[in-house]
Amino acid sequence: MNIPISKNPRVVIVGGGFGGIALSKKLRNKDVQVVLIDKHNYHTFQPLLYQVATGGLEAGSIAYPIRKVIQEYNDFYFRLTSVKEIDTKYQKIITEIGELHYDYLVIAMGSKTNYFGNKEIERNSMSMKTIPQSLNIRSLILENFEQAVLTKDQADRNTLINFVLVGAGPTGVELAGALAEMKKAILQKDYPDLDIDKMQINLIQSGDRILNTMSEKSSKAAEKFLVDLGVKIWKNVRVTNYDGRTITTNTDLTFDSATVIWTAGVQGAKIVGLDAKSFIEKADRIRVNRFNQVVGYENIFAIGDICSMETEKYPQGHPMMAQPAIQQGKLLGENLINLMHKKDMTAFEYNDKGSMATIGRNLAVVDLPHYHFSGIFAWFVWMFVHLFSLIGFKNKAVVFLNWVYNYIRFDREGRLIIRPFKKKSFTTFTSDEI
């Protein structure tokens, strides 16, 4: 990989997400050589992916070059590649561009969409974990409307403008709200020759309430907001299959839709080479101790979504969100330095700062440790927190200006088909119909 030999111990970080970036900043200009590896050359601010998918923001405003983050860090290197395997015996990683020895390895690869083993749903639905996936969703949404304008068959037309979101966590709720606002203020202007009132936004939740990781108060408030916006919420319904056109469930309900977005769960991005005892079956999360050391290894660590630190308060591991990853990354940076100097490490204790979700214009819910609120004030809190959390002044400025413009004009000018995306499974139109 053309990494120079250093007198300092080498720390290899796999993943440039929230945890990996937080750790990198803590190791800045310390007596270590750091190699950061990621399959993208940018950090993605995932909480705003849904706004890219619905045309509210352009992709560049929520991405930040990793090399720019580390450009003033001494003895710090970035390599653009994917890790295929870890060789724990010889302390090296095997990547698509070569092998690299490590003294300390930190796995921060994040998570991927969990389809719970259903290959047909995985093949036919859309997921939203990366910027390319968000751009694909945006293109598919707009292309389906363009196709709906051309077809004369009412059933096909309804299928093209029927949206189904599976999973009513923060991502599903925020995406449903954004689509509802597009229907209310934008699509009827863009497509005057379509009956936009027939557009449906269906949000399916297998449990008995949406936002089930938040307080019951916030859950009820969010449900009311969505219903008022015209979103149809289906609770205690589990999707069993999707063939590209028809969704079947564990009830008598079926849905015909050309756009199904799967937000029903995530699992760790599994990596080959670790002992099987280090993994939690099905969730594909790596077991770690209170110092984020992978169980069975002294010099291999895992942080963020991919790890599971079982504590009395969090027996299933910490929530797979940005805050645990950031806090673990920061502490691990201090602990690695302590470990190298043969000092005691500090056990991780998660500081739950709360959670939040936005539903639409002036509508959001916020859970703080001892307080829950919703409405316009929650919406301003949500905006401030997300703006503050973005990396880079330019990204903060661009996002803020976009939000101000969208608020004043009630518009989303990012509804562009930059990279066409066609689903092969929905091909019902003939030349006679167009």
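Numbers at a glance
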item	result
Residue pairs meeting the criteria (Cβ under 6 Å; at least 6 apart or on separate chains; first touching a residue at least 60 places away in the same chain (Cβ under 8 Å) and under 22 Å from residue 241 (Cα atoms), in region 149-164; second open to solvent by 60 Å² or more (accessible area, probe 1.4 Å) and not in a helix (DSSP H, G or I))	159/256; 162/200
Residue in region 316-334 that is more than 21 Å from the chain's Cα centre (by Cα) and open to solvent by less than 10 Å² (accessible area, probe 1.4 Å) present	yes
Looking only at region 392-411, and only at residues there that are of a type in the set (Val, Ile, Thr) and open to solvent by 30 Å² or more (accessible area, probe 1.4 Å), the one that is nearest to residue 21 (Cα to Cα)	398
Pairs with Cβ under 7 Å, 6+ apart, first in region 229-249 and in contact (Cβ under 8 Å) with a residue 12 or more places away in the chain and surrounded by fewer than 14 Cβ atoms within 10 Å (Cβ to Cβ), second not in a loop (DSSP other than H, G, I, E, B) and not β-branched (Val, Ile, Thr)	241/120; 243/120; 243/124
Selection within region 115-127 - in a loop (DSSP other than H, G, I, E, B) and either open to solvent by 20 Å² or more (accessible area, probe 1.4 Å) or closer than 18 Å to residue 37 by Cα (or both)	115, 116, 117, 118
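The values are calculated or read from the model by the stated rules, or taken from the named source; none is laboratory data. Every value quoted in this text rests on a predicted model; they were computed, and no experiment measured them. A quick note on method: Cβ atoms are made from the backbone with ideal geometry, for glycine too, and the neighbour counts reach across all protein chains shown. Please note that ligands, DNA and RNA were not included when accessible areas were found on the heavy atoms of the full protein model with its side chains. Shrake-Rupley method; radii C 1.70, N 1.55, O 1.52, S 1.80 Å.
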